Each structure stands twice: as C-alpha cells, then as structure tokens.
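The values are calculated or read from the model by the stated rules, or taken from the named source; none is laboratory data. Just so it is clear, the model here is predicted, and its values are computed rather than measured. Ideal geometry is used to build each Cβ from the backbone, glycine not excepted, and the neighbour counts take in all protein chains shown. We work out accessible area using only protein heavy atoms, side chains counted, and drop any ligands, DNA or RNA first. Shrake-Rupley method; radii C 1.70, N 1.55, O 1.52, S 1.80 Å.
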Amino acid sequence: MRRRESAKILRRLRPPAKEPGQLRQALDGIRLLGWRKSVQIAQSTVAHAYLDWRYAPPTPDWNHPGTAPGRMLAREDCPDGFIARFEHAELEVRCLGPDLVRVTWRPGLDPVPYAIGRHDWAPTTSEAELSVELSEDGGLAFRSGDGRLLRRDLPPVRHGEGWRHRAHLHADERVHGLGERALPFDLRGHTVEMWNRGPGGRYVPGVDPLYICIPVYVGVHDEGSYLVFYENPHRAHFSFKDELDARFDGGALRYYVIPGPVSRAVERFSDLTGKPFLPPRWALGYHQSRWGYGSAQEVRELVAGFERYELPLDAVELDIEYMDQYRDFTIDEEDFPDMAGLSADLEAKGVRLVMIVDAAVQEKRGYRVYDEGATEQRFCTLPNGRTMRGVVWPGWAVFPDFTDAGTRQWWGDQYRALLDAGAAGFWHDMNEPTTFSLSGEDWPPEGTCHAMEGRGGSHVEARNLYGLLMARAAYEGLRRLHPERRPWLFSRSGWAGLQRYAWAWTGDTVSTWPMLRQTVTTILGLSLSGIGFAGPDIGGYHGDPSPELYVRWFELATFLPLFRTHCSHDDPPREPWAAAKGLIDAVRVHMGLRRRLMPYLYTVAWQASQTGAPPVRPLFWEDEQDARLASVDDAFFLGDHLLIAPVLDEGARARTVALPNGWWYRLDGNEPLEGGRDVEVAAPVDHTPVFVRAGAVIPMDEDGDLTLHVYGTPARGVLYQDAGDGYGPWRVDHFRVSGDDRAHLETTSDGDFSSAALQTRLHRQ
Ligand code: GLC
C-alpha cells in the first residue's frame, strides 16, 4: 500500500475532535468488555478504515457548484399531476389526494417504498387544498386552497450522486420534527444529520444525530403550516438557517408536501406511512428493567419486591444477560434453567416477560442462528464478496440484511424460540446497527452491500432503514407465529413507518435534570415525526439520579405511552423503592394514577391506531397561531382531553402552566379555571399538575369500577374496550352528558364486546 493511502486510512481512524468523551468511553468499553473483545474492536476499527478507504461510495462534493435542472424543455400533464423535462433533470409531480402532493426529481434511484403504508391512491387533480406552481427554472411554490404561500422551493441542484434542496423559510417559521433529537423543540437555527447512530454509551442534550433520524418536519409560520417528508433514506444533512438546506448523499429527490394545520397534516402523514398498531393492553402498564437482571432467582426476587411494596407491575424486561453468551434467540440455561416456568409463574401474577434481541449475530460455527444464516446467505456482505463483520456484545458478529424479504421471513421465524420460552414482547437494540469502534465511527463500512429487494444498494442508503426493517421482520414473524395475539415490541432505531411495527424509547441518556427536560422535547419531536408511542428510561440510563430526580422522571413517564424504569449495569439499584427512597409515596401515587387512567389511555391508543394522531401532542396542536403556545416545550396534551404539566426543575414545588383558551379543571378538582393565560400551580413532590378540558368525559378505573368523570356539562367522551389482546370482539362507547343539576348520560355503542366492567358509575366533578 502506498504511503499516501495508508495516511488516508489512518486519518479515518482518528476520533472526531467534536467528541471529547470518546477516550473515556473507550476506556469504559475495555473495562466492560475485557481485553479479548477490546482487541477485536481495535482490529475491527482498522478493518473498517481500510474498507471505507477501498469501497466507500463517493460523497458528493458540496463545494462544487453542482448542476441545476437548467431550462425547461417540455411539460406534460397527466390525470394526477405533470411531468416536466429540464436540460439536466426530470420532475414528476403527483397528487395522491387533494392535500397530498408527491414530488420526484431524477436522476437518482427511486426509494424502495419501505416507509409507505398505503399504495392505492385514487388519481386526483384537485387543487382545493394545495396547489403547486412550477417556475421555468424548476422552483416550486405550494399554496393553501385560499392562496396562502405555505412553502417555496428553489430548484434543486445535483452534486455527483447527491441532491441539494433549498427552500425559503418564512422569517417567523418554526420547525419541529426530524425524528429523535436531543435539541430544542424548534429546530430553526440548527443543523441536523440523518444517520442513525448510538451515541456511544450515553448522551446529553445537544448530541446529534441519535438513533431515529427521519427527514420529516412541520413548518409553522404566519401564513399557515405544512408537513414535508423526504422519502430518501440516504445519509443527509439538514440545516435551518435563513432557508432550509437539505443535502442527500444519493437517490432520487422525492418528497411529499401536506398542508396544515399541523394536527391534520400529522394524521395525513400516517395515511401515507401507516397507522400505529394497537398494543396489547398490558404494554401500557408499568415496566421494570435493568441491564443486569441476570438469573431467574433475581427476577423472582424483583417481582417479590413489587409485591412487598404493594406496587403494581406489568412487565419485566430482560436485557442481554438472559442470553447464552449474548447470542440472539438463546437462553442461558444455567441462570434461567426454566424460562417457560418462570414466565408462566409471572404471568399468573399479571407480569409479562419482555426479551431483548440485538441486531448482531455472533459469528460462531455451531451456533444455530449463525450457521443457518451463513448457509442461507442472510448476512450483509462487502463489495469483495466477504461477509461484513463487526464487534458487538458477543464479540465478532455478522448482521442480517433486513432489506431482503427472505431474510426478514427467516429472522421473523427465529422469535419462536423466545415465544416458546414465554416472551410476551420484544425489545430491539443496537439496531442502527452499532458496531463498536475506537474511531467513533461505530457503524458498518459504508460500502456494505444490501439487497434492497434485489436492486442492490450500499449502507449509505440502507443504514437509516435498518431498524425499521428489523422491526418489520419481527412484527410480521410474530403475526405468523402467534396470529391470535397482538405483537408488541419497541426499538431503539427506526425510520418513517416504524409506528406500524414498534414503539420507541429514547435510549442511553444521562441521569441529569437537563436531560429530564429534554425528554419532553424529544418525545414531542418524535410525535410530530409519526412516532407517537415512546418513552424514556425513567431516571436516565446512565448515572445515579437523586430520589427527587428519579421521582420527577417517574411522574413524567406516568403520562407517556412507554412507562419503564431502566438503567445501565454499573448504576446503583433502580427499583422504585431503591431509587425513590423516602419519596416512594410519590411513585405509589403516580402508579395509582396510571392505573386509574388506563381506560382513557387505552382509548387514546386505539384512537391513534385509527387516526394516526399521536397520544402525546404539543400545546399548539389545536391552536397553532396562538403565539403563547407556539414554543411551549415543557407541557403536552395526552390524547384529546388531558394537559400534562410535569415538573422538570430540581427543588420546584410550583410551576407555571400556559393554559390554552377555554376552561380547564384539575384532574381531581371541581372548580373550572379560565384558560388563555399562564397560571401558577402548586406541585409538591408527589404531584403532577394535570388539567382536563371542560366538557370532557374521562373514563377511569376506580378500584375496578369503570367510572366516568364528567368535567362540566355538556360533555363528551369515548371509551374503547376489548379483551386486552388479540383480534376478537371490541366495543366503542360514545358518551354525551347533558343537563345542569341532574346529569343525563346518553351512550351510543359500536361493536359487540361485552364486559362485566361495563357497570358505569358517573362521577361529576
Ligand atoms: C444499549 C441499550 C441499553 C442496554 C444496553 C445493554 O446500550 O441502549 O438500554 O441496557 O445496550 O444491552
């Protein structure tokens, strides 16, 4: 190898300067993994640098002026849009609906439609809700039905295999979404990367990118609002300064524009990318997890602890320690000699077992999953024909190519082993995928080959899809293996459409107050990106939260879909009684509240599965032109009727809440409060301010009695019920309450699920 070439490889090995914690993390890694695996990581790092030097697809030269479309040569109208030919590019515009336009600039390969949940769009030319104007140079303007300018795109510019796309931003335009971000709620002024990755052990606010990057955002400004989704999974960079500047490393430039309001646009986006699945009811309960629960005995003691403290428990998550040598779909028979017996005992107490599955498969002859996968050529390869390898928990490992339908089917079938052992749900991890590295480049070589359903593609295109397609493989496998049960899994990584197969969690955060605050913002951003079901590690993944911090985190998660405590292996015990210490009553109060709210929460989950509306919504959801609500990032709506104002500051015993217009009640109060102003409310350490919209009926579970709480009259509400799992009978009740002194309840019902719990008690606030 020539000197210059080895210098280039060495340069690739140097840790990026912007990540100063890297050395500390590398040392932690050696301590954790031992010398043998650390040496493997060093070898893998060098191999990666070589493979990138040899095979990485060229990155576009963004400093080069690039090629604009040039002069328009022809324009051809078709029933649902038009095609325009330019000197250097071709533009296709299709209306999938009166409010949903798809734009495609070529050259560049069209995306494999992994994100798309619906393909049967009736042709439409209607411009009633969104009109598109094309200018001679290839610029596009999108206007609302009444002529307001929602968005103006500049002609895109081709750079090598990549596209650069710029759009004007209104002076006051706010930007939200882009998947999972540890950044402020409004991303105006920020630059973000689209490259799913684990932040290497832990992250703090400001770190970017994270595990779930999705090129979708909503723009809100004085003339209106819109949602734009770039259906291009290639590595990309977006910056939102005076204008949007988006740069994709490859592929056709395809994007969809949907006019606001945001609430409608987000629902419409779910028509395109699919509705979230309805989870089994138990998944909305409380989950206890820790990296380190290492034996059946320990799990039994854990469950006994919950009984002793009289705390409800719905699920226990088993991290990688349940596996035999960190091999997927195996069980350590020594520490878990009878996993099926353990899970049956737990299930009898109402506790489900959830098992982790990592993306990496140990490379070891004699390990069935590896042998089968190798024989059937299920693993990603390199351009030199070899299998791509990396180092993860089990040491040298290989990675299934989920962009191949046969591999997804094969992988989905593997879950049988864990279902037989009693797993009720699954947890997908390290599925960006992550491969350990000393250089900070903890991903497979960029030239890694993916099937992309037969048409082929590199990791630069497939990486952001990897977690999504692993979730799809599992979800479809679970449907086949247990058709009578609703699958449930949650995933660290994903892309647009993940909601069809998995929930998400916010990964390896630090245990600090700023991170608690960040959690709200991150989850709101996920909601606006189509991922409505998510939650954090309560207390933060890494660290030793004070009892107060743990409790406030617990209180926040009480009102989020995923309600789970989890932490790293070297952190102090994180069982609620150990972490909350003297504040355990606050935990108890909130667990009770979650139980009481279960009928409402389950209904919200069902509504999400029907409409796509995320359970957790920003306060501007119903009034996006109310400047007071525009930037609120410390409170949120849960479903249609509840406003949650978690306490996010150390020592705070009161907080200010920006109440939207209208009248509001405290959850257990009966004095209506006028909204449209900021109110100061008490928030002692065992209390989270929760407000209910006047005119709401909230179904609650009061010690086993289904009780309708009515907040003023007239009032309305909905209740969804079924057996809690499966695809059997269901029932939806719509309630209307009228009358002042004597409330009159009118119920209309659909569906034929009948339940003893339907004895209704009316409680007037
Ligand atoms: C990753 C996960 C974390 C898990 C650990 C061990 O860091 O994000 O939740 O505990 O791996 O499996």
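Numbers below:
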| item | result |
| --- | --- |
| Full-extension gain in nm, R742 to R666, via 0.36 nm per residue minus C-alpha separation | 25.2 nm |
| Residue-level accessible surface for I698, protein heavy atoms, 1.4 Å, Å² | 0 Å² |
| Per residue accessible area of segment 671-765, 1.4 Å probe, in Å² | 52 Å² |
| Debye-sum result for segment 695-765 in log10 I(q)/I(0), which assumes one identical scatterer on each alpha carbon, at q = 0.11, 0.20 Å⁻¹ | -0.27, -0.81 |
| Cα gyration tensor shape of the chain, rounded if a/c is under 1.5, else prolate or oblate by comparing a/b with b/c | oblate |
| Per residue, in Å², the accessible surface of segment 526-617 once ligands and nucleic acids are set aside, probe 1.4 Å | 21 Å² |
| Environment charge at L91 (Cβ cut-off 15 Å; Lys +1, Arg +1, Asp -1, Glu -1) | -3 |
| Selection of chymotrypsin sites (Phe, Trp or Tyr not before Pro), segment 715-748, meeting DSSP coil and at most 14 other Cβ within 10 Å | Y727 |
| Solvent accessible area, Å² - D404, 1.4 Å probe, full protein context | 50 Å² |
| Cα shape, segment 563-651, gyration tensor, a/c 1.5 rule | prolate |
| Tensor-based shape of segment 691-733 (alpha-carbon gyration tensor, a/c under 1.5 rounded, otherwise prolate or oblate) | prolate |
| Apportionment of accessible area to carbon and sulfur, the chain, percent (1.4 Å) | 49 percent |
